[in-house]
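Asker: Pasting a structure below so you can have a look.
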Amino acid sequence: MARVNFGRTPTVRGYNPLANTLKPGHVIQLRGEFYLVDAVEGLTFDIVCTANGNTSGTEISAGYDSGYFQDADLEPYRNHLYCLVPSLPGQPKFISRSGGYDGVGFPNDETNVTLSAALRSIGGASRTMVGLISPRLYLKHPAGVPRWHADESPENDKTGFLDCTVSPHEDPNPNFAIWIESGENQLPQFRLVNTTGEVIFNPVVHLQGFKCRLKHMSKGDVEAARRANGGKFVYKVIKPQGLPHAGSMAADYDPSQ
Amino acid sequence: MVNSQPFKELGGSKPANQLPSSEPFGRPPGPFGEPSPQEYQPGELVMLGQGLYRVKAVESLSMNFHMGMQGTIGTGSSGTTLVIDIDESDAAFGSTTNGFQLPAGTKIICGEQGFNNPNQTLTLASRAEFGRAVGTVTVSNTATNGKLLTIISADGTSKAYTAAAAEDLTSDPCKFKSSGSKQLVAESIVNCINDVEGGHGGKIKAELDLTGTDPVIRLVQLTPGTDGNTTITTNEANISVSSFTGGKVGTINATTVESLVRPVGEEVTVLFLPTATFNGGSSYLLDKRTFGILESPDSRKVIYDVTWGISMHPKYIGADGDSTNAGISGFDLEDSTTQSQHSAAGGAQDLIDNNGSAFRLDGLGAHTDASSDTYDSLTIGLSGHGAGGYGYGFGTAFNGMTSPKIRVFQPRGKVRFAVDQSSGSDNVDKAGWITADQTPITSPNPAYRLVTGSGGNDSTLPFFQLLQDIDEDLRDPRILICGFKYLLAEVSEGEVREMIRRSGRFNYKIIQDPGQMSGLADGVTGPTEGWKSLVESQRGRKMSFEDYKRATEKITDQSMNMLYGTRSSDAQRRTSDPRRRHRGM
């Protein structure tokens, strides 16, 4: 099914910092265990929000709220780990030739203009593109735990979401990367909300990053690696779930341990 | 220079007329992205699946691969007449209900891409049709009332359009205006043919060309196939006709600027893809294709480590606000809402023409009938660009840069850059499809790097597949590949011992076998390569518990080397003889 695709801005793409986050041969510590990074590969995945509220085609109307949903295809194999950065495609936003900008969509500039005075210059009067807009993307990860928000206001209008300003699809913001492990409760749950006042024609969540295969290192493997490296053992610590959420802090309980 | 014994061919370069055209739209403004770093330096040690190597030399390289439709030069091609039989297997290219149009200026590469094969690049002199028959009607003067123009559509519907004092679109068949000027007569004929009720609307598309001395109406049968090769007849002396020809499913009939020098039957790549929505909303999936020059024929260990980017295509929103297939076509020879001014070579230069009609406005806004003028006009003001309208380059109607989707199979048959659950899927959103959003031609993304020549088997040559599922036609979809080639030399056991003796340790980097990320499955106890391969490789040999354990580790050969100082126990396959590929076998 073909979709309207407005493309990317013609500006430069920055160097992708995820390319060097993990490399084959790196050792990571994950949930207290050591793993050797066996292989790494880039990864791309799109989630198209086509259910609940579509009018025709794939667009979503103003005020659309997908509710939280998950995609089971995002579950990696047991020995794999995903690192994905969500981002949102931008849709052009116009100010119409009459100066309006609230929900003007893509105005038809071929319609007649009625002048209120006899002599007015209207040559080439047309809409002006002024920016890019997108729906908001909220995340719960692992299942049921809101992310990206200030501690005291999860899922608020002020906090806890991405849009194409924070993470545009042509230059995803790696600060909002999510690590996905095997297991259904590790699947990210997304919610797409259209607060732009416009119909959004390409309601897609881009996920891009990398996947890596991990080899669990036994104590013997760790010792052998330490010996081979002159007594040193270098590793990175991966915390796949960010900070403990507010409820668990109150209970003095850290689910990542 | 790779080293003192270069393999690189130093043959003569191709003449300019054999080289494919440059990027049709140039590169978007803005600086180039951060260059992909050179991962390995001369003198460094690298670990491959086959063992430890030292980098002897390194050199950068870049390549362009054109990803358009593949076909062959068809029978009947000669001079500037070109017939192309499209060889793509997607059902959309064999449709008997939908065809598409290729714009004038479309480039066609004759000959295989890569190597030093002779090529020729052709340019379409005028628009061409895929599968659909084309006829013409030329109006040289006004007509006589009662004269007939008879046209038959592919479904056999015959209509005789009658010349009359005034245009009548309510009758069936419609009647066209006979007087005023030849341009007005032609415009009225177009209106009649395109009328859905009294004409052939929906079956035949009539396009008006006012650029010549006499207006020419180009008629296109909208249903592909030989049924569209019908006759056009008239008894009006001032109207000349050319019956429909060229209708054949899967075939492009075109006229080229250059004369064809390549033989019938040779491979061609058409640097154009139609919009996906044109064909009833379906998309176009091109066949997988590879390019042999992505692997070095050098018999020594040479690997290519490259990043790749996808070409981009400007996206417009039409003047009428339509965001679907606004296209990039300009003043289109059709009767669209355009204004034009006569050029110096034409008639009165102080007149403005509306909609290509014969009636114009002079400098004071007065209506003037200047039907005797010729129509070599220039667009002004709201210049035609995009649907029905205009576009100011990077101004109001321009939105962004779109691209086709590309996915990579490496090794052959295995989709890369896909989630585990979808690696064998054709899902257009999930199965490893990559666009210029992720890796644009202006800044290839190192996250999607490709390595060839590093594997322990014969199948590291990547295959690319293109999916056109956006609502814009694409000009010259291509892949830019930039990166490095490395010459490696195996490090002997003795050299390793010497390094350890002298410094106690040695450092190395890892060059990943491209097939070993997506190639290994999620089995818990099964062998890495599957039971069949393991049993075959172990036939006639005893297998220890240690052998079994390592065979089921499901890790790459490099990790095996790092952890156990040896590679996996499966028998090493023989690498291909590079001379075979070099010789085209």
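Here, each number is a calculation from the coordinates, and none is a lab measurement. The shown structure was predicted, so the numbers you read here are calculated from the model rather than taken from an experiment. A quick note on method: Cβ atoms are made from the backbone with ideal geometry, for glycine too, and the neighbour counts reach across all protein chains shown.
Asker: Can you give me the relative contact order of the range A:130-174 as a percent, contacts being Cα pairs under 8 Å and 6 or more apart? Present the calculation step by step, with values, prior to reporting the outcome.
Answerer: Working: 48 pairs, mean separation 16.0, N = 45.
Relative contact order, the range A:130-174: 35 percent.
Asker: In terms of modelled amide H atoms, which long-range or inter-chain residues lie less than 5 Å from the amide H of B:Thr402?
Answerer: Close amide H contacts, sequence-distant or interchain: A:Arg8, B:His313, B:Lys315.
Asker: Given the pairs B:Lys205/B:Lys315; B:Lys147/B:Lys205; B:Lys177/B:Lys248; B:Lys414/B:Lys485; A:Lys211/A:Lys239; A:Lys158/B:Lys315, which span a C-alpha to C-alpha distance of over 27 angstrom in this model?
Answerer: Details: B:Lys205/B:Lys315 25 Å; B:Lys147/B:Lys205 22 Å; B:Lys177/B:Lys248 34 Å; B:Lys414/B:Lys485 24 Å; A:Lys211/A:Lys239 16 Å; A:Lys158/B:Lys315 33 Å.
Long pairs (Cα-Cα over 27 Å): B:Lys177/B:Lys248; A:Lys158/B:Lys315.
Asker: Next question, about the same structure. Express the relative contact order of the range B:93-192 as a whole percentage, based on alpha carbon pairs under 8 Å and six or more residues apart in sequence. Display every interim value, and only then the final one.
Answerer: Values: 152 pairs, mean separation 18.7, N = 100.
19 percent.
Asker: How far apart, in nanometres, would the label points at A:Thr159 and A:Asn175 be if each is projected 7 angstrom from Cα along the Cα-to-Cβ direction?
Answerer: Rounded to a tenth, the inter-label distance reads 1.4 nm.
Asker: Still on this structure, I have one more. How would you rank A:Val37, B:Val535, going from fewest to most other Cβ atoms within 10 Å of each one's own Cβ?
Answerer: Starting with the residue having the fewest Cβ neighbours, the order is B:Val535, A:Val37.
Asker: Calculate log10 I(q)/I(0) of the range B:134-245 for q = 0.13 Å⁻¹, where I(q) comes from the Debye formula with a single equal point scatterer on each Cα and nothing for solvent.
Answerer: The calculated log intensity ratios at q = 0.13 Å⁻¹ are -0.39.
Asker: If you don't mind, there's one more thing I want to ask. Counting Lys and Arg as +1 and Asp and Glu as -1, what is the net charge of the other residues whose Cβ lies under 13 Å from the Cβ of B:Ser60? Walk me through the intermediate numbers first.
Answerer: On the way: positive: B:Lys485; negative: B:Glu39, B:Glu59, B:Asp305.
Summing Lys/Arg as +1 and Asp/Glu as -1 gives -2.
Asker: So if I take the centroid of the Cα atoms in the range B:195-269 and the same for the range B:70-145, what is the distance between those two points in Å?
Answerer: Cα centres, the range B:195-269 to the range B:70-145: 11 Å.
Asker: Here is a further query. Around B:Thr234, with a cut-off of 15 angstrom between Cβ atoms, what is the net charge of the other residues, counting Lys and Arg +1 and Asp and Glu -1?
Answerer: Values: positive: B:Lys147, B:Lys159, B:Lys175, B:Lys182; negative: B:Asp214, B:Glu236.
Value of the local net charge: +2.
Asker: How high is the relative contact order of the range B:105-258, in percent, counting Cα pairs under 8 Å that sit 6 or more residues apart? It would help to have the intermediate numbers written out before the result.
Answerer: Details: 397 pairs, mean separation 49.7, N = 154.
Result for the range B:105-258 is 32 percent.
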